[in-house]
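The values are calculated or read from the model by the stated rules, or taken from the named source; none is laboratory data. Keep in mind that this is a model prediction, so the values were computed, not measured. Note that we place each Cβ from the backbone using ideal geometry, even for glycine, and neighbour counts take in every protein chain shown.
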Amino acid sequence: MYYSEFQLYDDRGPVQTVVRNYTEADFDGLIEIQKACFPPPFPEELWWSKEQLKSHINHFPEGAICVELDGEIVGSMTCLIVHFQIDDPPHTWEEITDNGFIRNHKSDGNTLYVVDISVKPECRKLGLGKLMMQAMYQTVIQLKLDRLLGAGRLPGFCRYADQMSVEEYVDKVAVGELRDPVATFLLNCGRVPVRLEKDYLEDEESLNWAVLMEWKNPFKNIQTKG
């Protein structure tokens, strides 16, 4: 199981930071994170339920982590393992995550797939999302998987949809000409765009598009010299 301590600094000074696996005792705090990250008019029924969270820790506890600041849970990240090849058919969030329950987790799969990552808005300048992402990269290496994979929303696309295609938008974000709140964050975490997913989830800002992005395990398929 994962447990790592850090000391970060905000306006108040040093802040004790812990990234660890979440447990049933954390469920209320995890739901509060969802409320803070997805306030109304976001549908309340789409926040994590305790049934979903319990399914996470029952099926794949190694993929269920949270981050604490001075003992308060302020962020979480959930993953499952799937079988994936780049030429696989398109998928939706509901299909790949079993509607958030991850009962389709495959311990013999090759890819760690991101179900969700959330950090309370007031804590986002501390780099907590990147800390959790790095923890999952370590999980990829430890479990000898091929990659970490996940689809990022494109909430900035709606402002440019009348000027360019979604392919052009992602290309411009990838080279730094445009900034997207989600895709740029994932790029800064070392993720690389793989392909676009149409109708990935119902998301007005992204016009239902998402970009599938991966981080490859650097210790797989290494060519050794004699």
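Can you name every one of the strands (runs of 3 or more DSSP E) wholly within segment 1-112 that holds 3 or more residues which are in contact with a His (Cβ under 7 Å, 6 or more places away or on another chain)?
On the way: elements: 3-10, 13-21, 64-69, 72-82.
Of the strands (runs of 3 or more DSSP E) lying wholly inside segment 1-112, those with at least 3 residues that are in contact with a His (Cβ under 7 Å, 6 or more places away or on another chain) span 72-82.
Scan segment 185-196 and give yes if some residue there is in contact with a Gly (Cβ under 6 Å, 6 or more places away or on another chain), of a type in the set (A, V, I, L, M, F, W, C) and modelled with pLDDT of 95 or more, otherwise no.
To start, the set of residues in segment 185-196 that are in contact with a Gly (Cβ under 6 Å, 6 or more places away or on another chain) comprises 186.
If we keep only those that are of a type in the set (A, V, I, L, M, F, W, C) too, we end up with 186.
Now narrow it down to the ones that are modelled with pLDDT of 95 or more: 186.
Yes.
Tell me, please, whether a residue that is at positive phi and surrounded by fewer than 21 Cβ atoms within 10 Å (Cβ to Cβ) can be found in segment 76-93. I'd like the intermediate steps shown before the answer.
Going residue by residue through segment 76-93, those that are at positive phi are none.
Within segment 76-93, not a single residue is at positive phi and surrounded by fewer than 21 Cβ atoms within 10 Å (Cβ to Cβ).
Output the residue which, of all residues in segment 131-165 that are outside any loop (DSSP other than H, G, I, E, B) and over 21 Å from the mean Cα position of the chain (by Cα), is surrounded by the most Cβ atoms within 10 Å (Cβ to Cβ). Step through it out loud before you land on a result.
Going through segment 131-165, the residues outside any loop (DSSP other than H, G, I, E, B) turn out to be 131-142, 147-153, 157-159.
With the extra rule that they be over 21 Å from the mean Cα position of the chain (by Cα), the set shrinks to 158-159.
Details: Cys158: 14, Arg159: 12.
The selected residue is Cys158.
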Seminar exercise, completed: With criteria (1) of a type outside the set (S, T, N, Q); (2) crowded, with 19+ Cβ neighbours inside 10 Å; (3) over 15 Å from the mean Cα position of the chain (by Cα), Asp199 comes up short on (2)
For this session: Write out, first by first residue and then by second, each pair whose Cβ atoms fall under 8 Å of each other, whose residues are 6+ apart or on separate chains, and whose first residue, in segment 100-125, is touching a residue at least 24 places away in the same chain (Cβ under 8 Å) while the second is of a type in the set (Lys, Arg).
Result: Asn110/Arg147; Thr111/Arg147; Leu112/Arg147
Exercise. Within segment 185-223, which residues are touching a Lys or Arg at 6+ places or on another chain (Cβ under 9 Å) and part of a helix (DSSP H, G or I)?
Worked result: Phe185, Asn188
Exercise. In segment 121-130, what residues are crowded, with 20+ Cβ neighbours inside 10 Å and either part of a strand (DSSP E or B) or over 9 Å from the mean Cα position of the chain (by Cα) (or both)?
Worked result: Cys123, Leu126, Leu128
Problem set entry | Residues within segment 29-47 that are surrounded by 11 or more Cβ atoms within 10 Å (Cβ to Cβ) and either out of contact with any Phe, Trp or Tyr (no Cβ under 8 Å at 6 or more places or on another chain) or of a type in the set (Val, Ile, Thr) (or both), tallied | 8
Exercise. Has segment 113-128 got any residue that is in the same structural domain as Ile57 (by TED's automatic domain parsing), more than 30 Å from Gln7 (Cβ to Cβ) and out of contact with any Ser or Thr (no Cβ under 6 Å at 6 or more places or on another chain)?
Worked result: yes
Exercise. On the given criteria, is Arg20 surrounded by 14 or more Cβ atoms within 10 Å (Cβ to Cβ) and among the basic types (Lys, Arg)?
Worked result: yes
